[in-house]
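Scroll down for the structure; my scribbles are underneath it.
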Amino acid sequence: MEMVHMLLDKGANVNAHGEYCKTPLYFAVQNKDMEMLEMLLGKGAELIKQYAYDHTKDLHIAVNNKHIEMVQMLLDKGADINARNTTEDTPMLLAAGNKDIDMVKFLSNKGANVNVRDRNDRTPLCFAVQNKNMELMQLLVDKGAEVNTHCLSYSSCTTYLHTAVNNKHKEMVQTLLDKGANVNACDYYKKTPLHFAVQNKDMEMIKLLLNKGVKINDYSNNTLLHVAVMSKDLEIVQLLLSEKNTGNLSNLLHIAVENKDFDMVQMLLKKVPSVDACNSTQDTPLHIAAKTGVVEIVRLLLNNGAGVDALNNNSLTPLHIAVESGEADIVQLLLSKGANVSICTNINETALFIATKSKNTKIVQLLLDKEVDVNASNNTQETPLHNAARSGVLEIVQLLLSKGAYVNTCNNSNETALFIAIKSNHIAIDKMLLNITSDVNTCNSTPDTLLRVAVKNTYIEIVEMLLDKGADVNVRDKNGQTSVHSAVKVKNIKMVQMLLTKGADVNACDTNKVTPLKLAIQLQTVEIVDCLLK
């Protein structure tokens, strides 16, 4: 202190700027040195708008240091109580952010704006509510803090009441309500504070808000009842249903069923207008239940009159969905309740057709035990046997054949089930179908024979089986190529030898006059060239 006095007496500039534009006054405030501050101010030290280094001001530093006496002195010298630093903070915002109740009280008594917002759109009250600081919140609302403005960013529309409810702070909520907070205020997503209470399963908070006249319906597509049902809280749902004007009850049953919530489903069945109400895809609760695996919920819905053959947007019945989901017990229950096995989807698929895709032998057997058309085809003219051949489940193929499935039926590509099985390389199914197929030289729409399909895919075992069954090795495709050409293309010498042994024409020319030999030379397959020359 003595040295500072001496320097000033010798003419030192009391407002001199040092590194980063810091003045002696800055260091006095930073060091909480009241005596030095008083002396410098007495010598004419000027308040600095902001310092280059830390972008703050004398008053802001004093507030951050929680030094009320120093703040008072700076205010007496003309410091702006609502001044902002370059981060848009005022002394009040800093004090609230620091949870400094004494400073907040002091500044508010001096006329500081309690509704000021920082660069992130937060007010002092926002800090209090977010930090669950009841004392600070009470002080601010008593000093005139607005309770019905947004707490966070303006775009979120979240009020202080939303935040307090979400924080489960009953005392804070009660205070805000007593100060006139709008109990029905909506945030950006059209959710009211009650929405958050329901979401949090906060029964005490829900009752408090209901007593304040909150509306049960928020302004989104889903009511609070939907949220409560999603939360699986039976007590809250019952409480909300007991209120007047509960509003939209649609899809509540769907939600409960999807949640596999038996008790909720049982209770809602007494409240909803129809057990067969449809959602946006025309699914009934039974459609939803059919894929959940909860047999008791399916039985409950059926016993309450649910339509067993109801169709959704894709013309799927609950049976189709249960089959697709592999729920054998539910399939059995639906069948026992008279589900129609002949109904087709919008792509003309029966339940049996879907079952063969899902590879569920038990479900296939259940359906076959009913009077089902085993040869019913879909939009592409495929039958359940085509599907089974593709899936590779031998037992399902056997079941279908035992019920009279036609092996020579062709799909839109002129392919039988055997074509599909060969493409899928299911050896056991290939053998079975070959034994009962009347024509091993049939062509698909490409046109390719069964033999050529097997050759192209290098399925040697299948090629052998087809040759043993008398497949014609010299049948040509649309380009005039034989199976030998195909074997050369895939560079498989063993298949070339097998075909030649069965009488394949080694000199067959395609439409471009290319023989298997010429093709082998082009492909530089020396071993195959030697084989063909022999």
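The values are calculated or read from the model by the stated rules, or taken from the named source; none is laboratory data. These numbers come from a predicted model, not from an experiment. Positions of Cβ are generated from backbone atoms using ideal geometry, with glycine treated the same way; all protein chains shown enter the neighbour counts.
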- Message: Being modelled with pLDDT under 95 and acidic (Asp, Glu): is that true of ASP118 here?
- Response: yes
If we keep only residues of the stretch 466-492 that are assigned to a loop (DSSP other than H, G, I, E, B) and of a type in the set (Gly, Ala, Ser), then the residue nearest to THR525 (Cα to Cα) is GLY480
Checked LEU140, LEU107, LEU176, LEU161 against criteria (touching a Pro at 6+ places or on another chain (Cβ under 7 Å), over 30 Å from LEU74 (Cβ atoms) and in a helix (DSSP H, G or I)); the one match is LEU161
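Here is a list: LYS491, LYS478, LYS469. Which entry is under 22 Å from HIS386 (Cβ atoms), in contact (Cβ under 8 Å) with a residue 12 or more places away in the chain and surrounded by fewer than 18 Cβ atoms within 10 Å (Cβ to Cβ)?
LYS469
Under 49 Å from the mean Cα position of the chain (by Cα) and either at pLDDT 95 or above or acidic (Asp, Glu) (or both) - does that describe any residue in the stretch 497-512?
No; the residues of the stretch 497-512 include none that is under 49 Å from the mean Cα position of the chain (by Cα) and either at pLDDT 95 or above or acidic (Asp, Glu) (or both).
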Result of the Cβ filter at 6 Å on the stretch 339-359, keeping first residues that are buried (at least 22 other Cβ atoms within 10 Å of the Cβ) and outside any loop (DSSP other than H, G, I, E, B) and partners that are modelled with pLDDT of 95 or more and charged (D, E, K, R), at least 6 apart or interchain, is ILE354/GLU324
Restricting the stretch 232-247 to residues that are of a type in the set (S, T, N, Q) and exposed (fewer than 15 other Cβ atoms within 10 Å of the Cβ), the one modelled with the lowest pLDDT turns out to be ASN245
Pairs returned, first residue in the stretch 434-458 that is crowded, with 18+ Cβ neighbours inside 10 Å, second residue that is acidic (Asp, Glu), beta-carbon separation under 7 angstrom, 6 or more apart or interchain, are ASN444/GLU415; ASP448/ASP477; ARG452/ASP477
- Message: Can you say whether LEU302 is more than 28 Å from the chain's Cα centre (by Cα) and closer than 16 Å to SER336 by Cα, as far as the supplied structure shows?
- Response: yes
The residue that is nearest to the chain's Cα centre (by Cα), considering only those in the stretch 250-268 that are at pLDDT 95 or above and part of a loop (DSSP other than H, G, I, E, B), is ASN259
Within the stretch 367-424, the residues that are farther than 26 Å from ASN314 by Cβ, among the aliphatic types (A, V, I, L, M) and surrounded by fewer than 23 Cβ atoms within 10 Å (Cβ to Cβ) are LEU394, LEU399, LEU401, VAL407
